[in-house]
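One structure below.
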Amino acid sequence: MYDLVVVGAGPYGLSIAAHAAAAGLRLRVFGRPMASWRDHMPPGMFLKSEPWASHLSDPAGRFGLDTYCAGEGIDARHGTPVPVPVFAAYGLWFARRAVPCGVDERLISRVRPLSGGGFRVTTEDGEVLFSRTVALAVGVMPFTDLPPVLAPLREGGLVSHSSDHDDLSRFAGGDVTVVGGGQAALETAALLAEQGTRARVVVRAPALCWNTLPPPWKRPWWQSARAPHSGLGSGWRNWFYAELPGVYRKLPADYRTRVARAALGPAGAWWVRERVARGVEVLLGREVRHAAPSGTGLRLALSGAAGETLHTDHVIAATGFTPAAARLTVLDPETRGRLRTAALDGSPEVDAGFASSLPGLFMAGLVTAASYGPSMRFVLGADYTASRLVRGVRAHLRATPVPTPPGTLPRPAGERAQYERH
């Protein structure tokens, strides 16, 4: 029986694994490393976060993005966006060095609690293993949101989510409508326009919001005092979200959830603004009220001007993610129903050690934003999460007896496995 199984191998899963390995836990890690960046983002995209706010976490701090970039001769300076392929390659480099047990690229199909404690974990090809604790670091892909008016057309291939694409070239020469006003929508539309697609964005808000060019790293003290740097942008509010997630967790639950959903977006990065202005049609103050197939594409009826309609070949919905516990399909429905959730968005509540209300089950990443704030929506939150989650796992291991996996004989009295001593 393992001490910990980590489900997911993105920045949070790999960071948790690095801390768990350093703590001497008997560990398994499952998932395709950096899958969101390798499989769900097209060429030409960049990280919105600053390079210094995009490190994965290991206890000694030896394997940061800056170390990787220096070794590869890549410029990683403040104010210079990092290409997504560079970040994905960095994650693979980190996994090779910081996770000595390696990463099993199989997906996990089911995590089920055992009656005597611990978990039965089943891989996609049917292998079963047992673990005393499980950390779900499943990223954002289980939580994609599509507006109800568009969702029925996804199966027919006329509508997709922005995260469905690792290549936009099939839309070259066509007409694509992107729904949304955040970074994913605006950068996707810019890439489409730059490859010769007629691209437009339909935005509910009356105006686009843009992040400004970050202030210089070195500046007069009074400017820093007025708006300090943080991994989520300059300013005291962003500094609070980035630096004090533990304090954030002490705020009233409903307030936390509202802030986690609304803060820091939707907005486009400063470096994509000119690209959008140069080649993308922007329809502000509109929503898609009706969508139906029409010829080889679809016809959209928009709110706003009376009777406004348009025909397009395809709709890409860059409409974000909702981290509801009900979407954690790696858990069976009964187990999901046992999780205590936030009232406003249905996300699982976690304690100071990132433990859910189900003993031994830990959460990381986007699903913890309602508890710990907006930093959990970004790579930045991985460092805070990994150290405290592994501390929570170790506390759980010390406080609970080792369960006996089904179908095995009880261990003789006094016999202890080596991994129990950590």
Handout entry: Any hit, the range 5-12, residues being surrounded by fewer than 18 Cβ atoms within 10 Å (Cβ to Cβ) and either over 28 Å from SER162 (Cβ atoms) or out of contact with any Pro (no Cβ under 9 Å at 6 or more places or on another chain) (or both)
Key = no
Exercise for the section: Taking GLY44 as the residue in question, decide whether it is surrounded by 14 or more Cβ atoms within 10 Å (Cβ to Cβ) and in a loop (DSSP other than H, G, I, E, B). Expected result: yes
Fill in the blank from the handout: Restricted to the range 289-298 and to residues being open to solvent by 60 Å² or more (accessible area, probe 1.4 Å) and assigned to a strand (DSSP E or B), the residue farthest from VAL202 (Cα to Cα) is PRO293
Handout entry: Boolean, ALA207 is assigned to a loop (DSSP other than H, G, I, E, B), surrounded by fewer than 23 Cβ atoms within 10 Å (Cβ to Cβ) and at pLDDT 95 or above
Key = yes
Practice task
For the range 271-288, indicate whether the set of residues that are touching a residue at least 60 places away in the same chain (Cβ under 8 Å), open to solvent by less than 90 Å² (accessible area, probe 1.4 Å) and farther than 30 Å from LEU150 by Cβ is non-empty.
Solution key: no
Practice task
Would you please name the residue that is least open to solvent (accessible area, probe 1.4 Å), looking only at residues in the range 184-204 that are at pLDDT 95 or above and assigned to a loop (DSSP other than H, G, I, E, B)?
Solution key: THR197
Practice task
Would you be able to say whether some residue in the range 20-28 is open to solvent by less than 20 Å² (accessible area, probe 1.4 Å) and closer than 22 Å to ALA242 by Cα?
Solution key: no
Practice task
Could you tell me whether LEU366 is touching a Pro at 6+ places or on another chain (Cβ under 8 Å), buried (at least 23 other Cβ atoms within 10 Å of the Cβ) and closer than 27 Å to ASP58 by Cβ?
Solution key: yes
Problem - Candidate set: the range 116-160, residues that are small (Gly, Ala, Ser) and over 20 Å from LEU361 (Cβ atoms); chosen: the one modelled with the lowest pLDDT - result: GLY156
Problem - Residue check, THR368 without any contact (Cβ under 8 Å) to a residue 60 or more places away in the chain and either touching a helix residue (DSSP H, G or I) at 6+ places or on another chain (Cβ under 7 Å) or of a type in the set (Val, Ile, Thr) (or both) - result: yes
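The values are calculated or read from the model by the stated rules, or taken from the named source; none is laboratory data. Computed from a predicted model, the values in this text were never measured in an experiment. Methodologically, a virtual Cβ is constructed for each residue, glycine included, from the backbone with ideal geometry; neighbour enumeration extends over all protein chains shown. What goes into the accessible areas is simple: the full protein's heavy atoms, side chains included, and nothing from ligands, DNA or RNA. Shrake-Rupley method; radii C 1.70, N 1.55, O 1.52, S 1.80 Å.
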